[in-house]
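The values are calculated or read from the model by the stated rules, or taken from the named source; none is laboratory data. Nothing here was measured: the structure is a model prediction, and the numbers come from that model. Quick reminder, even Gly has a Cβ in these numbers, built from the backbone with ideal geometry, and neighbours come from all protein chains shown. Areas reflect the complete protein model, heavy atoms only, side chains present, ligands, DNA and RNA absent. Shrake-Rupley method; radii C 1.70, N 1.55, O 1.52, S 1.80 Å.
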Amino acid sequence: MQSLNPNAIEAALHTRRFGRPLIAVAETASTNTLARQMAADGAPEGTAVVADRQTAGRGRRGRSFFSPTGGIYLSILLRPRKTAEPGLLTSCAAVATARAIERFAAFPVAIKWVNDLLIGGRKVCGILTEGDLDPRSGALRFAVLGIGINVAHAAFPPELQNIVTTLADEGCAVTREALIAALLEEWETAYATIDSGDFLTESRRRSAVLGRAVTVLRGTESFEAVAEDIGETGGLWVRRPGGERLCLCSGEVSLRL
Ligand code: BTN
């Protein structure tokens, strides 16, 4: 497996701010951690960090993210003017990432609220948005949006083998460099609409959960519900069996089959 070629990414990149600068490293614990350090040191919005592999990639709910060479591990620094909901940033990124993958793929990409992208029901991409709040005012100082995409075929741990897929396994032969350039372009375009929430219509259309029975994991509790809608702030509206309707702004759902 060849190392990522940052010159090939830059040659294919047509953005104004996203990926400028683009920091490419062979290995790091987590590109989100590196981007957060750069943010604290004053790096500008749009700074992107990409790694060939991560030694301690992070997923949601404190999970690790399997990050061997051959995948894309990319984080971008955002400094939203308004205090955007982290869920809205994640929804926006999910739509933009689906569009980027579909530039090269012959299959549709679905979104499992709020941070997973699926092909044929299997996870191909995960998104982790981390915000940094001012301790006094509670205002969002910056957010780091990190995505991991399974690109090349890989030897996944047994517990992941039946639930994940890779672009290569689905017959999509895009290079990591071309996909990274497309991701940065689609993110920049979608992020420009963050205040309007226009991308939410597409988020609903791509949803793998709307109308489905789901199990909701929230904190330490879990309950059954039906997913009904994605709200204007990116939250998921669900209805519990007793009829109670509630909006999840974080948490996680798994599909019940
Ligand atoms: C999830 O599936 O729960 C989210 C996974 C997010 C993984 C990406 S890889 C790039 C960035 N760096 C990390 O440590 N995590 C995110």
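Each residue in region 127-144 was checked for being open to solvent by 10 Å² or more (accessible area, probe 1.4 Å) and within 11 Å of the ligand (Cβ to nearest atom), and 3 of them qualify.
Yes or no: region 92-99 includes at least one residue that is open to solvent by less than 10 Å² (accessible area, probe 1.4 Å), out of contact with any Phe, Trp or Tyr (no Cβ under 8 Å at 6 or more places or on another chain) and assigned to a helix (DSSP H, G or I). Yes, some residue in region 92-99 is open to solvent by less than 10 Å² (accessible area, probe 1.4 Å), out of contact with any Phe, Trp or Tyr (no Cβ under 8 Å at 6 or more places or on another chain) and assigned to a helix (DSSP H, G or I).
Entry remark, region 203-228: residues being surrounded by 17 or more Cβ atoms within 10 Å (Cβ to Cβ) and of a type outside the set (A, V, I, L, M, F, W, C) number 3 in total.
Among the residues making up region 163-180, those that are away from the ligand (no atom under 16 Å from the Cβ) and assigned to a loop (DSSP other than H, G, I, E, B) are Ala168, Asp169, Glu170, Gly171, Cys172, Ala173, Val174, Thr175. The number of residues in region 17-37 that are open to solvent by less than 20 Å² (accessible area, probe 1.4 Å) and away from the ligand (no atom under 15 Å from the Cβ) comes to 1. For region 100-115, the count of residues that are basic (Lys, Arg), open to solvent by 20 Å² or more (accessible area, probe 1.4 Å) and closer than 24 Å to Leu200 by Cα is at least one. Considering only region 43-78, state which residues are more than 8 Å from the ligand (Cβ to nearest atom) and on the phi > 0 side of the Ramachandran plot. Correct list: Gly46, Gly62, Gly70.
Scanning region 113-129 for residues that are within 11 Å of the chain's Cα centre (by Cα), in a strand (DSSP E or B) and not polar (S, T, N, Q) yields Asp116, Leu117, Val124, Cys125, Gly126, Ile127, Leu128.
Name the residues in region 60-99 that are small (Gly, Ala, Ser), in contact with a strand residue (DSSP E or B) (Cβ under 9 Å, 6 or more places away or on another chain) and touching a residue at least 12 places away in the same chain (Cβ under 8 Å), would you? Passing the criteria: Ser67, Gly70, Gly71, Ser75, Ala84, Gly87, Ser91, Ala93, Ala94, Ala98. Annotation note: Cβ proximity below 7 Å between a residue of region 18-42 that is in contact (Cβ under 8 Å) with a residue 24 or more places away in the chain and a residue that is among the polar types (S, T, N, Q) and away from the ligand (no atom under 13 Å from the Cβ) (sequence gap 6+ or interchain) occurs for Pro21/Thr47; Ala26/Ser3; Ala35/Thr47; Met38/Thr47.
When Ala40 is tested against (1) more than 12 Å from the ligand (Cβ to nearest atom); (2) closer than 20 Å to Glu186 by Cα; (3) out of contact with any helix residue (DSSP H, G or I) (no Cβ under 8 Å at 6 or more places or on another chain), exactly one condition is not met: (2).
Out of Lys123, Lys112, Lys82, report the one residue that is under 28 Å from His14 (Cβ atoms) and charged (D, E, K, R). Within the list Lys123, Lys112, Lys82, the selection yields Lys82.
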